[in-house]
Amino acid sequence: SFIENKTLYMWAEEGTTLYFKRKNNANEQYVRTYLLGFGLAMLMMQRGELALHCSVVMNNDRAVILCGESGCGKSTVTANLLDSGWSFMADDMAVVSVKGGEVFVRPAFPYQKLCRDAALAKGYHMENMIYIDEEKDKFLVPYTGNFSLYPVPVRGMCMLGIVSGKQVVSAKIKGMDQFHLVANNLFLRHLLGAKKYEPKIGQLCLKMAASVPCGFIGRPQKGDYIEAIMDSATEFLNEWTAEK
């Protein structure tokens, strides 16, 4: 696997080795971000594991995956869950594996990617944060709360999105839509294109979709709907993480 961008050249071999060459005047922090993001994603997928673009929180040794494009409220939902006692596992990328019909997620590293508004709302000082994304105005912020250090089983996956209308909507995702939910949230989805449906990757997506219940929460484009979003999220989380 090979990637080139304005910061570096990077290639991964056999799921074991990651090589890179930094370009002239490239920002060192950007290099680290690409190594921990795209680099690890390439290695893990070469090993037969799925690297997902998502956040992960954990409670009572049960993890829930939160996914969605920028602006859908993923960071806000994650922050609210952390404030209510959930533990942090990953932000932006997580690695999952399927073992014996059960899906496990590994912890990533204790940093969050927050947009400027979210970072300011949490009381962070700009001078203490690492600027990582000019297009989306995002910062890399160290997380100092409860952080999980070991893999745990995944009990659910929730997709956050934008909908038309003036109310928050929620629904369970079933059947082949679960498969597409997993495939369309692979960390390397834009680079893989149609190859994400080929047997090596597609079968892993199918196995995960068959083992993890999924839900969708959509909010209107404009307005503050966090209370309604959290009500819907809580219903899913209570169902998925209940004792069995």
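Out of everything in the range 97-127 that is of a type in the set (A, V, I, L, M) and more than 22 Å from Cys72 (Cβ to Cβ), what residue ends up being modelled with the lowest pLDDT?
Restricting to residues being of a type in the set (A, V, I, L, M) and more than 22 Å from Cys72 (Cβ to Cβ), the top hit is Met126.
Scan the range 157-192 for residues that are on the phi > 0 side of the Ramachandran plot and either of a type in the set (S, T, N, Q) or touching a helix residue (DSSP H, G or I) at 6+ places or on another chain (Cβ under 8 Å) (or both) and jot them down.
Start the filter on the range 157-192 by keeping residues that are on the phi > 0 side of the Ramachandran plot, which leaves 165, 175.
Passing the criteria: none in range.
Which is among the small types (Gly, Ala, Ser), closer than 18 Å to Ala94 by Cα and free of Cβ contacts under 8 Å to residues at least 40 places away in the same chain, of Gly202, Gly193? Working first, answer last.
Working: Gly193 fails: closer than 18 Å to Ala94 by Cα.
The unique qualifying residue is Gly202.
Of all residues in the range 42-60, how many are in contact with a Ser or Thr (Cβ under 9 Å, 6 or more places away or on another chain), of a type in the set (Gly, Ala, Ser) and surrounded by 18 or more Cβ atoms within 10 Å (Cβ to Cβ)?
1
Pull out all pairs, ordered by first then second residue, where Cβ-Cβ is under 6 Å, the residues are six or more apart or on different chains, the first lies in the range 159-172 and is within 21 Å of Val212 (Cα to Cα), and the second is of a type in the set (Phe, Trp, Tyr).
Met159/Phe216; Ala171/Phe216
Out of the residues in the range 1-23 meeting the condition of being surrounded by 11 or more Cβ atoms within 10 Å (Cβ to Cβ) and not in a strand (DSSP E or B), tell me which one is modelled with the lowest pLDDT.
My answer is Ser1.
Looking at Ala79, Ala26, Ala90, Ala41, which one is more than 25 Å from Lys195 (Cβ to Cβ) and either in contact (Cβ under 8 Å) with a residue 24 or more places away in the chain or within 18 Å of the chain's Cα centre (by Cα) (or both)? Explain how you work it out, then say what you get.
On the way: Ala26 fails: either in contact (Cβ under 8 Å) with a residue 24 or more places away in the chain or within 18 Å of the chain's Cα centre (by Cα) (or both); Ala90 fails: more than 25 Å from Lys195 (Cβ to Cβ); Ala41 fails: more than 25 Å from Lys195 (Cβ to Cβ).
Answer to the selection: Ala79.
Might you let me know whether the range 155-167 holds any residue that is of a type in the set (Lys, Arg), touching a Lys or Arg at 6+ places or on another chain (Cβ under 8 Å) and farther than 30 Å from Gly101 by Cβ?
Within the range 155-167, the first condition is being of a type in the set (Lys, Arg), and the residues that meet it are 155, 166.
In the following step, the residues that additionally are touching a Lys or Arg at 6+ places or on another chain (Cβ under 8 Å) were identified as 155.
Pick out the ones that are also farther than 30 Å from Gly101 by Cβ and you get none.
No, the range 155-167 contains no residue that is of a type in the set (Lys, Arg), touching a Lys or Arg at 6+ places or on another chain (Cβ under 8 Å) and farther than 30 Å from Gly101 by Cβ.
From Lys122, Lys74, Lys99, which residue is open to solvent by 50 Å² or more (accessible area, probe 1.4 Å), basic (Lys, Arg) and closer than 21 Å to Arg155 by Cβ?
Values: Lys122 fails: closer than 21 Å to Arg155 by Cβ; Lys74 fails: open to solvent by 50 Å² or more (accessible area, probe 1.4 Å).
That would be Lys99, the only listed residue that is open to solvent by 50 Å² or more (accessible area, probe 1.4 Å), basic (Lys, Arg) and closer than 21 Å to Arg155 by Cβ.
Determine, yes or no, whether Val103 is in a strand (DSSP E or B) and of a type in the set (A, V, I, L, M).
Details: in a strand (DSSP E or B): yes; of a type in the set (A, V, I, L, M): yes.
It is true that Val103 is in a strand (DSSP E or B) and of a type in the set (A, V, I, L, M).
The values are calculated or read from the model by the stated rules, or taken from the named source; none is laboratory data. Keep in mind that this is a model prediction, so the values were computed, not measured. No Cβ is skipped: glycine too gets one built from the backbone with ideal geometry, and neighbour counts run over all protein chains shown. Only protein heavy atoms, including side chains, enter the accessible area calculation; ligands, DNA and RNA are left aside. Shrake-Rupley method; radii C 1.70, N 1.55, O 1.52, S 1.80 Å.
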